[in-house]
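The values are calculated or read from the model by the stated rules, or taken from the named source; none is laboratory data. What you see is a predicted model, and the numbers here were worked out from it, not measured in a lab. Glycine gets a Cβ as well: all are built from the backbone with ideal geometry, and neighbour counts include every protein chain shown.
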Amino acid sequence: MNVTIFSDGEQLSRAAAEYIVRVAQEAIADHGRFSLALSGGSTPKKLYGLLATEPYRSQIDWSKIEIFWSDERCVPADDPESNYRMANEVMLSKLPIQPAHIHRMPADEADREAASQAYTQDIQRTIGTNGTPRFDLIQLGMGPEGHTASLFPHQASLKEFERLIIPVTVPKPPPARLTFTPALLNAANHILFLVTGAEKDEAVQAVLEGPDQPEEYPAQIVRPTNGEVTWMLDTAAAGKLRKQS
């Protein structure tokens, strides 16, 4: 696990953009494609905007990028709460990326179980496996109570290690969502956590330095079997860490 602390969100976002460029270039050189799962929330918005501008934009071959989402709110694609809408507005609509390579999570469909299965099959087909796909990079955030993706404390989703995408109902509006499960998260080559804000400092300390309590702090469940986890924090989020890098 790599943990780096930055003075502010601007520095963090630029470091994250450089990290994504490097991982994308390595993946494309290795197997001709870069599979990236995005998150929602306010923290990655600056990062997404940077990736659509120079010097980062021209360092990635966008014709070889496959974009997915690690979770989505069950709202229309144009709803202000939509993770897809945010990423599309600040990044995807500004990039030379083929529409077929943007895989929106169909969380607004009435049958959420069927939507979960359809998204699972889309990921498997794109990455090329009938089993558990191995994303090149999954970018995640963390909430003040330690949730990540839409895996919240004390929910059955934390014990789902067979299905890859599931519908959940969470204690935060909007409650209905689809999410990656621990099985899919922990198959990734790289996980990048971006966490900012003093309201998250206690959860950051508990997740990174506290005892193993994934039921209390679901972000602790993200431990890729053969992958790398990188945490990028601002000084406010890292305020209660005993070890500061």
If a residue has to be under 16 Å from the mean Cα position of the chain (by Cα) and among the hydrophobic types (A, V, I, L, M, F, W, C) to count, how many in segment 22-54 make the cut? 8
I'd like the full set of residues that are surrounded by fewer than 19 Cβ atoms within 10 Å (Cβ to Cβ), in contact with a helix residue (DSSP H, G or I) (Cβ under 9 Å, 6 or more places away or on another chain) and among the hydrophobic types (A, V, I, L, M, F, W, C), limited to segment 141-189. L158, F161, A176
Selection status of E113, in contact with a His (Cβ under 6 Å, 6 or more places away or on another chain), over 28 Å from G197 (Cβ atoms) and either of a type in the set (D, E, K, R) or without any contact (Cβ under 8 Å) to a residue 60 or more places away in the chain (or both): no
Checked A110, A118, A37 against criteria (of a type in the set (G, A, S) and within 30 Å of E10 (Cβ to Cβ)); the one match is A37
If I ask for residues that are touching a strand residue (DSSP E or B) at 6+ places or on another chain (Cβ under 9 Å), outside any strand (DSSP E or B) and touching a residue at least 40 places away in the same chain (Cβ under 8 Å), which ones from segment 174-186 would you list? P174, P182, L184, L185
What number of residues within segment 27-55 are surrounded by 15 or more Cβ atoms within 10 Å (Cβ to Cβ) and either over 21 Å from R223 (Cβ atoms) or hydrophobic (A, V, I, L, M, F, W, C) (or both)? 19
Filtered residue count, segment 54-71, keeping only those that are hydrophobic (A, V, I, L, M, F, W, C) and within 26 Å of A115 (Cα to Cα): 4
Out of (1) surrounded by fewer than 18 Cβ atoms within 10 Å (Cβ to Cβ); (2) in contact (Cβ under 8 Å) with a residue 12 or more places away in the chain; (3) out of contact with any strand residue (DSSP E or B) (no Cβ under 6 Å at 6 or more places or on another chain); (4) farther than 30 Å from Q205 by Cβ, the one Q121 does not meet is (2)
Members of segment 215-241 found to be of a type outside the set (D, E), in a loop (DSSP other than H, G, I, E, B) and touching a Gly at 6+ places or on another chain (Cβ under 9 Å), listed by number: Y217, A236, A237
Helices (runs of 4 or more DSSP H) wholly inside segment 1-111 containing at least 3 residues that are acidic (D, E): 9-31
Could you tell me which numbered condition N130 fails, if it satisfies all but one of (1) modelled with pLDDT of 95 or more; (2) surrounded by fewer than 24 Cβ atoms within 10 Å (Cβ to Cβ)? (1)
Pairs returned, first residue in segment 14-30 that is without any contact (Cβ under 8 Å) to a residue 60 or more places away in the chain, second residue that is surrounded by 14 or more Cβ atoms within 10 Å (Cβ to Cβ) and of a type outside the set (A, V, I, L, M), beta-carbon separation under 8 angstrom, 6 or more apart or interchain, are A17/Y56; E18/Y56; V21/Y56; V21/Q59; Q25/Q59; I28/F34; I28/D61; I28/K64
Those residues that are without any contact (Cβ under 8 Å) to a residue 24 or more places away in the chain, assigned to a loop (DSSP other than H, G, I, E, B) and within 15 Å of T148 (Cα to Cα), I need them from segment 160-172; list them, please. E160, V170, P171
Which ones in segment 87-116 are surrounded by 15 or more Cβ atoms within 10 Å (Cβ to Cβ) and among the polar types (S, T, N, Q)? N88, S116
